Each structure stands twice: as structure tokens, then as C-alpha cells.
Amino acid sequence: MPDIDTFIELIRDRRNQEALDMLNASQALATARTSRSGQLHGATPLHWAAHRNAIELCQRLIELGADVNDSASDWWLTPLSWGADAGSAEAVELLLKHGADVNQDAIVGTTALHAVAMGGSSQGKGNPQAYERTTEVLIAHGGDINRRTDQQRTPLDDAIANANDSVVAVLRKHGAQVSNMPSKPHGFQS
């Protein structure tokens, strides 16, 4: 079988057609995971495809048995939270249509709504419209807008702390609340 890390590198580099060709030649890659050490340990191709908003690749991975609720990654646990972290609205919607749990624990009590609120490495500023749309998709699929993390932070707390204004606006429009906890920027780098 071809190397899983090589396959994931193709996805990370947005070389989607090459990744699809490799996947079709070795379908077992759909359910494999990286064993590389570090923050991204345990990630699957579906985690990366969701993060890169690679819809066709996500669809094919799911068809071949990739678990939309896989939570073995050491970073954001689920493919849904990886997609939300990157503002990958189309991938998030696809995962939800295939049974992803919108309120699944993504890490320390967070959900995909917390991930989109933190806004990835750009804190939502790289493409505010994508983060806004991703937030709307998560809410439309039943995302708990007032879910508290283990540290009692809500998605709105995280959006405010990261000055992710487009997500703040969407959450407020839907009645989200702050926890009244001190706001400090935090999150994971993508």
C-alpha cells in the first residue's frame, strides 16, 4: 500500500487530482491515519480533506469508509472541527449530510462551533465570509450555540476573544450568549 503520509501530503498541498488517483489505486488509504508524532498525530485523510475544503475528495473518502466522526487526532479531534477551523463550509456541510455529529466533543469540551469561532490561524480574518457561512451551516444543523467548554467558554466567547467579527455577528443573530468569563485569545494553529 502506498504511504499514508505521502497521501496526506498531497491533500495538504491541495494536489487533489493526484490524491484522488492515489486513493482510487489504493482504497485502503481512506481509513488509514498518520502515525507521525506531533500535534497532528492520528489525523486521517478525511481530516485533511475537510480542512482543505476538498469536496470531491471528502465524498470519495466517505464512500470508501472514512468515518465522519473519527476522533483519533491529537489536534482538533474530528474532521468536522478541522473543516470548521478552516472555514470550509462546503466540506462541513458534506460531513453533516453524511452523519457527522455537530455537537461532538472536538477537544476539551469544544465543538465545531468553537473551532469556527476561533477562526484557525487567521482568527477568521483570512476569509470572513467563509467563516460566516460555516457558522450558519453548523447552526442550521443543530450546533449548540451556547455549548460550554471544560473551561466554561461558549463559541461566542471564543469568537470575541479572537476578534472573529463575522462569526460574532452570526452567533449574536442566533441568540448566542457569553459566559462572562475573562476573554483571552486562544486556539490551535492550523
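The values are calculated or read from the model by the stated rules, or taken from the named source; none is laboratory data. Bear in mind that the values here come from a model prediction, so they are computed numbers and not experimental data. Positions of Cβ are generated from backbone atoms using ideal geometry, with glycine treated the same way; all protein chains shown enter the neighbour counts.
Filter the stretch 119-142 down to residues that are outside any loop (DSSP other than H, G, I, E, B), modelled with pLDDT under 95 and either crowded, with 24+ Cβ neighbours inside 10 Å or not hydroxyl-bearing (Ser, Thr, Tyr) (or both), then give me how many there are.
1
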- [ ] Looking for whichever is surrounded by 21 or more Cβ atoms within 10 Å (Cβ to Cβ), of a type in the set (Gly, Ala, Ser), more than 20 Å from His114 (Cβ to Cβ) and in contact with a helix residue (DSSP H, G or I) (Cβ under 7 Å, 6 or more places away or on another chain) here; the options are Ala66, Ala50. Which one fits?
- [x] Ala66
Open item on the list: Pull out all pairs, ordered by first then second residue, where Cβ-Cβ is under 6 Å, the residues are six or more apart or on different chains, the first lies in the stretch 66-82 and is aromatic (Phe, Trp, Tyr), and the second is assigned to a loop (DSSP other than H, G, I, E, B) and buried (at least 24 other Cβ atoms within 10 Å of the Cβ).
Closed with: Trp76/Ala106; Trp82/Trp76
Open item on the list: For the stretch 11-25, give me the residue count where each residue is surrounded by 15 or more Cβ atoms within 10 Å (Cβ to Cβ) and either touching a Pro at 6+ places or on another chain (Cβ under 9 Å) or of a type in the set (Gly, Ala, Ser) (or both).
Closed with: 4
Open item on the list: Going residue by residue through the stretch 143-157, is there one that turns out to be modelled with pLDDT of 95 or more, part of a helix (DSSP H, G or I) and among the β-branched types (Val, Ile, Thr)?
Closed with: no
Open item on the list: Every residue in the stretch 1-42 that is among the basic types (Lys, Arg) and farther than 21 Å from Ala106 by Cβ, please.
Closed with: Arg14, Arg15
Open item on the list: Please verify whether Asp158 is surrounded by fewer than 24 Cβ atoms within 10 Å (Cβ to Cβ) and either on the phi > 0 side of the Ramachandran plot or touching a residue at least 40 places away in the same chain (Cβ under 8 Å) (or both), treating the condition exactly as stated.
Closed with: no
